[in-house]
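The values are calculated or read from the model by the stated rules, or taken from the named source; none is laboratory data. Everything quoted here is computed from the prediction, not taken from an experiment. Counting neighbours? That spans all protein chains shown, and the Cβs are built from the backbone with ideal geometry, glycine included. When the accessible area is computed, the model is the full protein with side chains, heavy atoms only, and any ligands, DNA or RNA have been set aside. Shrake-Rupley method; radii C 1.70, N 1.55, O 1.52, S 1.80 Å.
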Amino acid sequence: MKTYRIGVIPGDGTGPEVVREGLKVLEAVSKKSAFSYTTTFYPFGGEHYLKTGETLPDSAIEEFKKLDALYLGAIGHPEVKPGILERGILLKLRFSLDQYINLRPVKLYPGVWTPIKDKGPEDIDFVVVRENTEGLYVGAGGNLHQGTPYEVAIQESINTRRGVERCIRFAFEFTKKRNKKNKLTLCGKTNVLTYAFDLWERTFQEVAQEYPNIKTDYAHVDATTMWMVKNPEWFDVIVTDNMFGDIITDLGAMIQGGMGIAAGGNINPEGVSMFEPIGGSAPKYTGKNVINPLAAISAMQMLLSHIGEEEAAQRIEQAIIKALESGKIKSMSAGQMGLNTSEVGDLIASLV
Ligand code: IPM
Ligand code: MN
């Protein structure tokens with residue numbers, strides 16, 4: 001029997017509550033699919049930072065490298081200045097483990113409400129492949145004469161041939177394996193960001209030559225947001241840079257039913273990957289047992305699929321679908337589910 005080492009960072013706010021349910025489902029499915037695992041908990045997050053001044057030490061990164069995967073709840077604290085935890089924990093984790101892909105499925109399950117009128121599960125089913133280590137996120141730039149009328153602020157988008165190419169290659173391979181519409185759309189802004197997206201577009205065209213069975217398409221990012229709402233069925237897989245990927249996946253989360261159900265994976269195909277619900281720490285719902293754990297449970301599904309436990313991953317997805325079809329979960333929104341957080345976890349665990 002295979003044993004996986006899973007690192008768990010419950011984090012802040014409602015993070016620990018949703019992680020608990022994800023682990024409950026992991027326990028149930030491990031029995032069905034006959035694998036075993038160990039969990040190691042790490043305290044990193046806003047609370048830990050306020051207590052110790054530590055964000056994410058290098059020694060932890062070294063420990064993470066020995067794991068099979070990481071499972072994260074949420075990072076964010078109302079009393080910590082914006083940027084400290086994001087850069088110091090989340091981005092440090094993504095960058096130092098070279099998790100160069102942020103994989104974000106946008107899938108509307110049956111029985112889930114979408115704000116898009118006349119669109120259903122057959123229309124909303126695509127995946128965003130977001131570059132996760134470059135672009136505007138690297139923190140290149142600086143400022144001069146801060147606080148004066150002569151202030152200058154520069155924030156540069158860094159795009160390397162290697163970084164862009166490995167992301168695009170991943171997206172083509174992923175589209176091929178997914179084998180749905182076999183269509184990959186590059187989302188960029190070639191009409192304005194003429195240096196960065198020229199590199200993206202040329203690389204995209206070159207790699208496309210190796211995938212004659214994948215249809216390719218291009219959409220500017222502004223048009224992408226329009227089509228995601230008007231014709232989401234046009235998309236199969238979208239590949240894009242870090243910043244655009246960040247923005248369009250929040251829109252994606254909304255059309256699939258909200259942050260309560262949106263999950264993502266920060267993937268290093270050759271290293272250690274991290275899986276997380278894409279919503280934040282939701283301070284106002286903390287400790288109330290009302291937050292929706294389905295996003296975290298879906299993140300666990302992605303984790304298992306990534307480490308090679310595909311059958312277990314399928315069991316979780318089918319359990320989520322069954323639970324949603326049963327009508328027992330009234331809404332994806334915190335406090336309106338009709339069940340509390342742990343009851344949703346119990347329901348999924350009973351159905352895997
Ligand atoms: C996300 C988040 C992060 C990002 C923040 C918290 C740094 O919005 O995972 O999408 O911008 O990547
Ligand atoms: Mn985001």
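Overall shape of the chain was characterised from the C-alpha gyration tensor. The equivalent ellipsoid obtained from it has semi-axes of 30, 26, 21 Å, in decreasing order.
The relative contact order of the chain, computed from alpha carbon pairs under 8 Å that lie at least 6 residues apart in sequence, is 24 percent. Surface calculation, 1.4 Å probe, protein heavy atoms: Met228 sits at approximately 0 Å² accessible.
Comparing Ile61, Ile267, Ile75, which has the greatest mean-square fluctuation in the GNM of the chain with Cα pairs linked when under 10 Å apart? Of Ile61, Ile267, Ile75, the most mobile in the Gaussian network model is Ile61. Given the options Lys51, Lys183, Lys119, state which has the largest fluctuation in a GNM of the chain using a 10 Å cut-off (strictly under) for Cα springs. Looking only at Lys51, Lys183, Lys119, the largest GNM fluctuation is found for Lys51. Over the range 36-185, accessible surface divided per residue gives 50 Å², non-protein components excluded, 1.4 Å probe. Computed from phi, the 3J(HN,Hα) profile of the range 76-90 under the Karplus parametrisation 6.51, -1.76, 1.60 (θ = phi - 60°) reads x, 9, x, 8, 10, 4, x, x, 5, 6, 4, 6, x, 10, 4 Hz, with x in place of Gly and Pro.
Rounded, prolate or oblate: which fits the range 25-69, taking a ≥ b ≥ c as square roots of the Cα gyration tensor eigenvalues, rounded meaning a/c under 1.5, else prolate when a/b beats b/c? Present the calculation step by step, with values, prior to reporting the outcome.
On the way: a/c = 5.32, a/b = 2.12, b/c = 2.51.
Note, shape of the range 25-69 comes out oblate.
Non-local lysine pairs in the range 33-155, meaning eight or more places apart or on different chains, with alpha-carbon distances under 23 Å, amount to 7.
Please say if the range 217-288 is rounded, prolate or oblate, where rounded means a/c under 1.5 for a ≥ b ≥ c the square roots of the C-alpha gyration tensor eigenvalues, and otherwise the choice is prolate for a/b larger than b/c and oblate otherwise? It comes out oblate by the Cα gyration axes.
Excluding same-chain neighbours fewer than eight residues apart, the aspartates and glutamates reachable from Lys32 by a Cα-Cα span under 18 Å are Glu21, Glu309, Glu310, Glu311, Glu317, Asp346. Computed over the Cα atoms of the range 248-352, pair by distinct pair, the Kirkwood hydrodynamic radius stands at 14.1 angstrom. Taking other residues whose beta carbon is less than 11 angstrom from the beta carbon of Ser281, and scoring Lys, Arg as +1 and Asp, Glu as -1, yields -2.
The charge dipole of the chain, taken about its Cα centre with unit charges on the Cβ atoms of Lys, Arg (+1), Asp and Glu (-1) only, comes to about 660 debye.
Magnitude of the Cβ-charge dipole of the range 139-196, K/R +1 and D/E -1, about the Cα centre, nearest 20 debye?
The calculation lands at about 820 debye.
May I ask you to give the percent of accessible area on the chain that is carbon plus sulfur, with a probe radius of 1.4 Å? Don't jump to the answer; show the numbers that get you there.
On the way: 8310 of 15460 Å².
Exposed carbon and sulfur together represent 54 percent of the surface.
With every protein chain kept in the model, how would you rank Glu165, Glu122, Glu210, Glu54 by accessible area, 1.4 Å probe, largest at the top?
Values: Glu165 45, Glu122 140, Glu210 105, Glu54 70 Å².
Putting Glu165, Glu122, Glu210, Glu54 in descending order of accessible area: Glu122, Glu210, Glu54, Glu165.
Projecting the Cα atoms of Thr38, Ala60, Ala208 onto the charge dipole of the chain (Cβ charges, centred on the Cα centre) puts Thr38 farthest toward the positive pole. Dipole magnitude for the range 241-332: about 660 debye, using +1 per Lys or Arg Cβ and -1 per Asp or Glu Cβ, origin at the Cα centre.
I need the shape label for the range 114-256. Rule: rounded when a/c is under 1.5, else prolate if a/b > b/c, else oblate, with a, b, c from the alpha carbon gyration tensor.
Numbers: a/c = 2.57, a/b = 1.46, b/c = 1.76.
It comes out oblate by the Cα gyration axes.
Taking Cβ atoms as reference points and 15 Å as the exclusive limit, the residues near Trp200 contribute a net charge of -1, counting Lys and Arg as +1 and Asp and Glu as -1.
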